[in-house]
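For reference, the structure is listed below as C-alpha cells.
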Amino acid sequence: MAPGQHFPMSTTSTSPTNLLNFDLPGLVAYCQSLGEKPFRATQLFRWIHQRGATEFAQMTDLAKSLREKLTTQACIEGLKILTQQESRDGTIKWLFDVGDGNAVEAVFIPEDDRGTLCVSSQAGCAVGCRFCSTGHQGFSRNLTTGEIIAQLWFAEHFLRRHLGTSERVITNVVMMGMGEPLQNYAALVPALKTMLDDHGYGLSRRRVTVSTSGVVPMMERLGQDCPVALAVSLHAPNDALRNDLVPLNKKYPLAELMAACQSYLAFAPRDFITFEYCMLDGVNDQPEHAQQLIDLVRSHGQGKAWCKLNLIPFNPFAQSGLQRSGNAAVQRFAQLLVDAGIVTTVRKTRGDDIDAACGQLAGDVKDRTRAAERMAKQRTISIYRAR
Ligand code: SF4
C-alpha cells in the first residue's frame, strides 16, 4: 500500500479488519466505508492508541450502533507475546509471535530523562550485515503497519499499567530492531505517522528515529513523506570495507549515500544525521579508518557540523567471526574524531545480559534467503583474503 492510500486490511469479507493497521487518515477512510463521520475515526483512534482499548464495548462515547458494527466487522489485535525478559539495568525485551514460525523483538530502554522503544520492521533482514545477528538469520517477510505499531501499542500500555501511571512512558522510538525499515516503506510510513499523530502517541519528529543501512531512494522519499530523525548504519569509511560489512553498499556506494544524507538534511527535524559505527577489532577501528572517516565527513559537509558519530561496542556472536574493539582502541578512535571537530559519542551497552543490546536482536526467522549459508561462504572468503 502506498503512503496516503488507505483501505481495509482484511483479505476476505469474513475476516475482521484489524484497526491497528491504520494511521488516522486510513481510519477515517475505513469509518467512511461504514457510513460514519470522520470525527468518529478520531474518537476511535484515541481510544486505541491513547487509552490502549482492546474492546469496542469500552468505548462508551461511541454510538451503540457503531460499537455493534465494529464488533462484527473489526478488531484491535496486538501480537502474541512469547517471552518477556528484564535486564539488571531495567531494559525489557519482548519476543512477539508474528506467525508461521517467525518472531520479532522489541526492547524498552529506560533512562533518567526518557524511555526509548526499539522497534522491529521485518521478520529477519535481507541486507545481511556481517556484524548483525538479525542479518545472519536471513529474511522471511515484511511486518504490516499493524505489526509495527502493535509493538509500541503493547509496550506503552503495558508499561503504564506496570508502573501505575497514566502518563506517557515511551518518549522516543528508534526503528533499530530487526529489519531494514526502508525496505518495508509502505508499512513503515503509516506506522510512523501514528507515532507522530497528536491523537495517537504524539511523539515529536525529533524523537522518532529511522535507522537505515543506506537505501538511498527511500531516504529521499522519507524526507518528502515523513521526515523524522535519521540514523545511518555506516560502519566503514571506504567502499571496499563497507561492501564487505554492509553489502547494500555495492548498490548504493558511499558517494551516493553521503549525497542522500545531505538532501535529507533539508527536511530533517534535527540539523544533523547520526552515523552508527560498530567498532570491530582490527577491521574498522584503526587510526587510518578514523582519518578516512574525517575526510569523508569533511568532503560532504561544506565545513559545518552536519553529523554525529555514534561508536557502538560490537556484541560478538559465534557466527560473525568478528571481535569487539578494545576500550583503548575505541577511545583513541573517538579522540581522533573529536580532535577533528566531529561530535562523537560512545554508546553505552544496555541489556546485554538478556541479549537486547545493539546488533543482538534475533527472534525466530524462517529464512527464505539461505542467508546463513551465504554468509558463512563470505566469511570464509574474507578469512582467506586476510591471510
Ligand atoms: S544491521 Fe540492520 S540492515 Fe544490517 S542486517 Fe542488521 S537489521 Fe539488517
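The values are calculated or read from the model by the stated rules, or taken from the named source; none is laboratory data. Just so it is clear, the model here is predicted, and its values are computed rather than measured. We place every Cβ from the backbone using ideal geometry, glycine too, and count neighbours over all the protein chains shown.
If you go through segment 310-357 one residue at a time, how many are among the polar types (S, T, N, Q), at pLDDT below 95 and touching a helix residue (DSSP H, G or I) at 6+ places or on another chain (Cβ under 6 Å)?
Matching residues across segment 310-357 total 1.
In segment 119-135, which residues are in a loop (DSSP other than H, G, I, E, B), at negative phi, within 7 Å of the ligand (Cβ to nearest atom) and over 12 Å from the mean Cα position of the chain (by Cα)?
V127, C129, C132, listed by residue number.
When segment 69-118 is examined, which residues are found to be without any contact (Cβ under 8 Å) to a residue 60 or more places away in the chain, under 26 Å from V189 (Cβ atoms) and part of a loop (DSSP other than H, G, I, E, B)?
Of everything in segment 69-118, just one residue is without any contact (Cβ under 8 Å) to a residue 60 or more places away in the chain, under 26 Å from V189 (Cβ atoms) and part of a loop (DSSP other than H, G, I, E, B), namely I76.
For residues in segment 162-186 being in a helix (DSSP H, G or I) and away from the ligand (no atom under 16 Å from the Cβ), which is nearest to D198 (Cα to Cα)?
Applying the first criterion (in a helix (DSSP H, G or I)) to segment 162-186 yields 162-163, 181-183, 185-186.
With away from the ligand (no atom under 16 Å from the Cβ) added as a condition, the list becomes 162-163, 186.
Numbers: H162: 24, L163: 23, A186: 21 Å.
Result: A186.
In this structure, is E180 buried (at least 23 other Cβ atoms within 10 Å of the Cβ), in contact (Cβ under 8 Å) with a residue 24 or more places away in the chain and charged (D, E, K, R)? Show your work before the answer.
On the way: buried (at least 23 other Cβ atoms within 10 Å of the Cβ): yes; in contact (Cβ under 8 Å) with a residue 24 or more places away in the chain: yes; charged (D, E, K, R): yes.
So E180 passes the test.
The conditions are (1) more than 16 Å from the ligand (Cβ to nearest atom); (2) in contact (Cβ under 8 Å) with a residue 12 or more places away in the chain, and A240 fails exactly one of them. Which is it?
Exception for A240: condition (2).
Being surrounded by 22 or more Cβ atoms within 10 Å (Cβ to Cβ) and assigned to a helix (DSSP H, G or I) is the filter here; which residues of segment 261-279 pass it?
Once the filter is applied, which keeps residues that are surrounded by 22 or more Cβ atoms within 10 Å (Cβ to Cβ) and assigned to a helix (DSSP H, G or I), segment 261-279 yields only C261.
Taking G214, is it assigned to a loop (DSSP other than H, G, I, E, B), touching a residue at least 12 places away in the same chain (Cβ under 8 Å), under 30 Å from P25 (Cβ atoms) and out of contact with any Pro (no Cβ under 8 Å at 6 or more places or on another chain)?
Here the answer is yes, as G214 does meet what is asked.
Considering segment 221-240 alone, what residues qualify as being within 19 Å of S299 (Cα to Cα) and surrounded by fewer than 18 Cβ atoms within 10 Å (Cβ to Cβ)?
Selection gives N238, D239, A240.
Given the criteria closer than 16 Å to L143 by Cα, touching a strand residue (DSSP E or B) at 6+ places or on another chain (Cβ under 8 Å) and within 16 Å of the ligand (Cβ to nearest atom), does G214 qualify?
No: the conditions fail for G214.
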